[in-house]
Protein chains: 2
Amino acid sequence: MTSRAEAADMPYDGETKTPDRLRRRASRLLSGMTAQSDRLMNEGLAQVDARKWHYAVLASLQEHGPGSQATLSRRTGIYRSDMVGVLNELAERGFVERAPDPDDRRRNVITITAQGRRHLRRLDKVLDDLHDELLAPLTPAERDQFVQLLTRLLDHHTQQAPHLPIS
Amino acid sequence: MTSRAEAADMPYDGETKTPDRLRRRASRLLSGMTAQSDRLMNEGLAQVDARKWHYAVLASLQEHGPGSQATLSRRTGIYRSDMVGVLNELAERGFVERAPDPDDRRRNVITITAQGRRHLRRLDKVLDDLHDELLAPLTPAERDQFVQLLTRLLDHHTQQAPHLPIS
DNA sequence: CCTACATCGTTAGGCTGGCTAACGCAAGAG
DNA sequence: CTCTTGCGTTAGCCAGCCTAACGATGTAGG
């Protein structure tokens with residue numbers, strides 16, 4: 001409250017904030033960590049000729065069964081404009097099948113193939129290992145808590161602001 | 001264990017994995033959450049004619065004092081090729097000053113101005129509010145823990161893989 | 001002094017991911 | 001039959017991240 005500012009060579013002009021707010025800002029930590037995570041996953045998946053989206057689509061297919069491209073788009077959070085390309089790649093490799101839906105001729109029904117299921121198992125293993133590396137510094141309990149905190153945060157934000165088609 | 005596969009209409013071919021592995025993958029939670037966070041911060045900062053980078057630079061200047069562009073680049077994680085533009089924007093608005101360094105004529109010395117400090121205080125307030133919104137579903141204790149977990153993870157990965165110039 | 005190398009600010013450009021817009025087609029509602 | 005909605009597809013924008021190269025300047029070694 002007292003007038004002790006105006007000292008021109010003192011950089012901290014009355015700020016009592018935590019010194020390294022830059023490093024502590026959750027938003028900054030998040031984007032830093034995501035950058036790291038993306039790098040890790042992309043590199044790892046590239047070694048088995050896959051991408052994150054491949055996994056998302058295959059996993060969604062296996063867990064919720066076949067669906068139209070739009071459905072998959074909603075389930076995975078991939079825009080339907082980008083879904084086209086992803087499915088092309090997956091179909092090229094024989095991991096999914098794209099067949100016209102007889103009940104609704106606008107739609108394609110996407111089905112995972114046996115090969116796709118094998119590939120998915122492989123990806124799951126790869127991702128497990130990568131996540132082990134990603135979360136290496138945390139104990140199992142901490143990992144659970146981390147995931148739980150993230151889940152709660154994400155749920156909160158995707159529910160009241162459905163900006164993303166995720167989930 | 002028994003052979004009960006081959007049932008073609010049953011999508012789950014013996015997988016005993018957690019059903020919603022897609023949603024639980026830390027990497028996926030992270031990128032989802034970061035997307036949400038980035039959106040929030042960008043929108044909030046845009047309302048005061050600012051960007052994330054502006055904050056990073058100003059905060060770094062205030063905390064560690066003036067420095068060359070390359071130094072700032074290393075401190076904030078902004079590539080020096082992009083730093084040019086950021087500093088142009090900040091200088092235009094009178095938040096920093098760019099002066100040639102007499103001791104090393106390759107360098108510019110960047111200094112935060114009084115106006116810059118005022119602006120930074122404003123940004124800090126804005127960001128505080130935004131983070132309150134971001135972390136709304138968490139209790140104070142949980143927020144701390146979240147930040148702490150993220151910090152540990154990030155430290156771990158940036159130390160042994162200095163891919164990013166961050167910090 | 002000369003040479004070799006590193007660092008600085010700057011410009012240009014590439015790649016990727018997220019996102020919007022528009023199209024033609026098909027389905028459903030009134 | 002028309003209007004609206006959803007579908008798959010193409011095209012393209014924009015921001016972030018990142019590399020490469022340039023001329024100018026500094027540093028170290030002979």
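The values are calculated or read from the model by the stated rules, or taken from the named source; none is laboratory data. Keep in mind that what you see is a predicted model, and the values were worked out from it rather than measured. Here Cβ is always computed from backbone atoms with ideal geometry, including for glycine, and neighbour counts include all displayed protein chains. The accessibility values were calculated without ligands, DNA or RNA, using every heavy atom of the protein model including side chains. Shrake-Rupley method; radii C 1.70, N 1.55, O 1.52, S 1.80 Å.
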Inside the stretch A:99-110, can you point out the residues that are touching a strand residue (DSSP E or B) at 6+ places or on another chain (Cβ under 7 Å) and in contact (Cβ under 8 Å) with a residue 24 or more places away in the chain? A:D101, A:N108, A:V109, A:I110
Just need a number here: residues in the stretch A:58-70 that are within 14 Å of another protein chain (Cβ to nearest Cβ) and either polar (S, T, N, Q) or near DNA strand D (Cβ under 7 Å from one of its atoms) (or both). 2
Identify the single condition in (1) within 11 Å of DNA strand C (Cβ to nearest atom); (2) over 12 Å from the mean Cα position of the chain (by Cα) that A:A56 does not satisfy, given that it satisfies every other one. (2)
Take the residues in the stretch B:102-113 that are more than 13 Å from B:L72 (Cβ to Cβ) and open to solvent by less than 70 Å² (accessible area, probe 1.4 Å); name whichever of them is farthest from the chain's Cα centre (by Cα). B:D104
Hey, could you check the stretch B:118-143 for residues that are more than 10 Å from chain A (Cβ to nearest Cβ) and surrounded by fewer than 16 Cβ atoms within 10 Å (Cβ to Cβ) and say which is farthest from B:G44 (Cα to Cα)? B:A141
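Residues checked against (1) in contact with a Ser or Thr (Cβ under 7 Å, 6 or more places away or on another chain); (2) modelled with pLDDT under 95; (3) closer than 20 Å to A:I78 by Cβ:
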residue	(1), (2), (3)
A:P137	no, no, no
A:E142	no, no, no
A:V147	no, no, no
A:L154	no, yes, yes
A:H157	no, yes, yes
A:A161	no, yes, yes
A:P165	yes, yes, yes
Where in the stretch A:1-117 are there helices (runs of 4 or more DSSP H), lying wholly inside it, with at least 3 residues that are modelled with pLDDT of 95 or more and more than 30 Å from B:S60 (Cβ to Cβ)? A:52-64, A:69-76, A:80-92
Taking the stretch B:40-56 as the region of interest, how many residues are open to solvent by less than 60 Å² (accessible area, probe 1.4 Å), more than 8 Å from every other protein chain (Cβ to nearest Cβ) and without any contact (Cβ under 8 Å) to a residue 40 or more places away in the chain? 0
Scanning the stretch A:25-55 for residues that are among the hydroxyl-bearing types (S, T, Y) and within 30 Å of B:K125 (Cα to Cα) gives A:S27, A:S31, A:T34, A:S37
Would you mention how many residues in the stretch A:72-93 are away from DNA strand C (no atom under 13 Å from the Cβ), open to solvent by 30 Å² or more (accessible area, probe 1.4 Å) and either away from every other protein chain (no Cβ under 14 Å) or more than 19 Å from the chain's Cα centre (by Cα) (or both)? 4
